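Remarks on the structure that follows.
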Amino acid sequence: QSLPETLNIRFVNPIPLIAPDYFQGRLPELSQIANFLKNDHQRILTIIGRGGGGKTALSCYLLKSLEFGRLPENLGEFKVGGIVYLSEIGSHKVSFANIYSGLLQLLPSEISKRLDTLYRQPKVSVGEKMRQLLESFQQEKVIVLLDNFELFVDTESENLMDSELKEALENLLRAPHNSIKVIITTRVPARDLALVEPSR
């Protein structure tokens, strides 16, 4: 039997973990992620669990399936234009700079150059940079994985400590329609982020 062909999807950075071909007993969680990806209103999904609980493996198992234009476990077809992988356990760390530069790599060169020039303007806020970037993503869905996010969350207050990340993600939640979907894996939830546009 021939393998299914991979689609013309652009990947930024290596996948953090090659998950097993079959992921037993996680169909409810996979269905939740699939529903999030299909929902045009929702912007950020947070997968919370203890260390070693399989958060990264679950995410990567699903995202790897999208190379073939379908969700795992017969959850249906789903096409994306690109995936940006960022993980604190790899060489491509989670940061506003890496989210921005990763997404720029998925855009046509003219738009990418204009937004790169904007990024280099020190007087322009993170929020404004993020808003202008998001305006360029209106069609194909693009997924950003932020893996091992707990390093940016204060364990006592459960608030996000990185001000640039906080501003960028808050603007993603508040922005008009765009096609960016963010999946966060973390041991500690960012409670303050959850209070911004909760329905999204």
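The values are calculated or read from the model by the stated rules, or taken from the named source; none is laboratory data. These figures come from a predicted structure and were not determined experimentally. Heads up, the Cβs are rebuilt from the backbone with ideal geometry, glycines too, and the neighbour counts pull from every protein chain shown. For the accessible areas, the whole protein counts, side chains as well, though only heavy atoms, and no ligand, DNA or RNA atoms are used. Shrake-Rupley method; radii C 1.70, N 1.55, O 1.52, S 1.80 Å.
For the subset of the stretch 47-69 comprising residues that are under 14 Å from the mean Cα position of the chain (by Cα) and open to solvent by 10 Å² or more (accessible area, probe 1.4 Å), which member is modelled with the highest pLDDT?
My answer is Ile47.
Out of the stretch 119-153, which residues are open to solvent by 10 Å² or more (accessible area, probe 1.4 Å), of a type in the set (A, V, I, L, M) and touching a residue at least 60 places away in the same chain (Cβ under 8 Å)?
Result: Leu151, single match.
Pairs only if they're at least six apart or on different chains, beta carbon under 8 angstrom, first in the stretch 89-102 and under 15 Å from Leu151 (Cα atoms), second among the aromatic types (Phe, Trp, Tyr); list them, first residue then second.
His92/Tyr85; Val94/Phe149; Val94/Phe152
Would you say Ser199 is polar (S, T, N, Q), outside any loop (DSSP other than H, G, I, E, B) and at negative phi?
In short, no.
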